[in-house]
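Heads up: the structure comes next, in structure tokens.
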Amino acid sequence: METFECYCIYQRYEWVIIDVSQNDTLKLLCPHNEFFFQRHCVTAQFLQENDNFDYVLFIDSDMGVINPKKRIEEYITDDKDIIFYNRIWNFEVMAGSYLAKNTKFVINFLRMWANYNYRLPHSFHGSDNAAIHTVLLHIASISVKHCEPLWNISKNYNDLFIYEACVRAQLETNEKWKRKISVLPKGKSWARDGWLTNSKWSEEDFIFHGWQKRRLNKHIFASWKLPFLSTKFNMSICGTHNYIENWKYNKSFVSESNEIRTQLNRIITLKDNEYYRKKKKAENLLNNLMKNDLTWHYNSSINSSLLEIPLNMQKQNLNSQILV
């Protein structure tokens, strides 16, 4: 967090940390039982109560500034109310960071997203990461029923990615949701997962995602190495031109832009190909689910007819007895 605090001091941005556990009012206004949804409600409430803020850059707690020379304004698009970005290593819209304009649309959008806390399927649902895709379908006025069966039966990340691929395919040709929302292309946003390039970075980078202590120097998925020689920040120099001295880089992690771009483009190509495979898989699964559903209804109708036959026969026998 010190990387952001020092960065904001130098760039003259307001640095705001909201601790819901210490705020009884927010607990009442945002009673969501899952923090990942509650945080979007809290952001909406902050925007509503602070109209002096034109924009808010919402960030995950495991993010840090790798290159403090970048400015947030580089990523603002005036005609969009909220800006997300595509994650590189999969085909998700990143839920953990967005650039939001202080408008009624954004406040309502964030509350709609937060309230999906109460509409999650009883499956491996992926929390707000998956829910944001469903919310985008609502904004686009696309029925959620087409892809929803895949979300309902999700058992793991692979299933979840198939669901998300289904949603992204639905959104591809729809322009309505893009009127006020933007999703930046892979590799063109303010943040990315630093572990994708083994913590190496270039001057084109701004913010790294994935700085979790439990993954530091570990042989596990999304592990990362510290790109600094020291993590101790002298906050007293953050407001001066000497602020950069706090970023004591390990030079072995500093790379040329074209080198990093080449690595990322290779990953992007692989993930784009995976997206098309997952999209096809989603189509096949939905077709099978539809066939099974039709078969079930067909068998149910046959069983209903069979149940009616003895009943009708009994009525005929009863009528015959009466006539006799």
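The values are calculated or read from the model by the stated rules, or taken from the named source; none is laboratory data. Just so we're clear, the structure is a prediction, and the values are computed from it rather than from any experiment. Because the Cβ atoms are built from the backbone with ideal geometry, glycine has one as well, and the counts that use them run over all protein chains shown.
Determine whether region 268-291 contains at least one residue that is in a helix (DSSP H, G or I), under 30 Å from Y13 (Cα atoms) and either touching a residue at least 12 places away in the same chain (Cβ under 8 Å) or small (G, A, S) (or both). The answer is no, given that none of the residues of region 268-291 is in a helix (DSSP H, G or I), under 30 Å from Y13 (Cα atoms) and either touching a residue at least 12 places away in the same chain (Cβ under 8 Å) or small (G, A, S) (or both). When residues in region 164-186 are screened for being in contact with a helix residue (DSSP H, G or I) (Cβ under 6 Å, 6 or more places away or on another chain), under 13 Å from V93 (Cα atoms) and assigned to a loop (DSSP other than H, G, I, E, B), 1 of them pass. Of the residues making up region 95-106, those that are surrounded by fewer than 17 Cβ atoms within 10 Å (Cβ to Cβ) and over 28 Å from Y163 (Cβ atoms) are T103, K104.
Here is a check on your reading of the model: is F161 in a helix (DSSP H, G or I) and either crowded, with 18+ Cβ neighbours inside 10 Å or among the hydrophobic types (A, V, I, L, M, F, W, C) (or both)?
Values: in a helix (DSSP H, G or I): yes; either crowded, with 18+ Cβ neighbours inside 10 Å or among the hydrophobic types (A, V, I, L, M, F, W, C) (or both): yes.
Taking the combined requirement at face value, the residue satisfies it.
Considering only residues of region 241-261 that are polar (S, T, N, Q) and surrounded by 12 or more Cβ atoms within 10 Å (Cβ to Cβ), which is nearest to A191 (Cα to Cα)? My answer is S257. Out of all the residues in region 227-242, is one or more among the polar types (S, T, N, Q), assigned to a helix (DSSP H, G or I) and over 22 Å from I88 (Cβ atoms)? Among the residues of region 227-242, at least one is among the polar types (S, T, N, Q), assigned to a helix (DSSP H, G or I) and over 22 Å from I88 (Cβ atoms), which makes the answer yes.
Do we find that T43 is modelled with pLDDT under 95 and of a type in the set (S, T, Y) in this structure? Steps first, answer last, please.
Values: modelled with pLDDT under 95: no; of a type in the set (S, T, Y): yes.
Answer is no for this residue.
Can you name the residue in region 198-215 that is in contact with a Pro (Cβ under 9 Å, 6 or more places away or on another chain) and closer than 17 Å to G96 by Cβ and, of all such residues, is surrounded by the fewest Cβ atoms within 10 Å (Cβ to Cβ)? Of everything passing the filter in region 198-215, F206 is surrounded by the fewest Cβ atoms within 10 Å (Cβ to Cβ).
For the subset of region 243-267 comprising residues that are among the small types (G, A, S) and part of a helix (DSSP H, G or I), which member is nearest to the chain's Cα centre (by Cα)? My answer is S257.
For every residue, the table says whether it meets (1) within 18 Å of the chain's Cα centre (by Cα); (2) of a type in the set (K, R); (3) modelled with pLDDT of 95 or more.
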{"position": "I153", "(1), (2), (3)": "no, no, yes"}
{"position": "N156", "(1), (2), (3)": "yes, no, yes"}
{"position": "I162", "(1), (2), (3)": "yes, no, yes"}
{"position": "K178", "(1), (2), (3)": "yes, yes, yes"}
{"position": "K186", "(1), (2), (3)": "yes, yes, yes"}
{"position": "A191", "(1), (2), (3)": "yes, no, yes"}
{"position": "K200", "(1), (2), (3)": "no, yes, yes"}
{"position": "E204", "(1), (2), (3)": "no, no, yes"}
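Looking across region 66-94 at every residue that is more than 23 Å from F253 (Cα to Cα) and of a type in the set (F, W, Y), the one that is surrounded by the fewest Cβ atoms within 10 Å (Cβ to Cβ) is identified as Y75.
Just wondering, is there one or more residues in region 248-265 that are farther than 30 Å from N86 by Cβ and at pLDDT 95 or above? Yes: one or more hits.
Among what's in region 55-82 and is of a type in the set (S, T, N, Q) and modelled with pLDDT under 95, pick the residue that is farthest from T43 (Cα to Cα). Break it down into steps so the answer makes sense when it comes.
Looking only at region 55-82, we keep the residues that are of a type in the set (S, T, N, Q), and these are 61, 67, 77.
Pick out the ones that are also modelled with pLDDT under 95 and you get 61, 77.
Details: S61: 14, T77: 20 Å.
The selected residue is T77.
Could you check region 191-216 and list, in sequence order, the residues that are within 13 Å of R87 (Cβ to Cβ) and part of a loop (DSSP other than H, G, I, E, B)? Selection gives G210 alone. Only helices (runs of 4 or more DSSP H) whose full extent lies in region 92-155 are considered here, and the ones with at least 3 residues that are in contact (Cβ under 8 Å) with a residue 60 or more places away in the chain are 104-114, 127-139.
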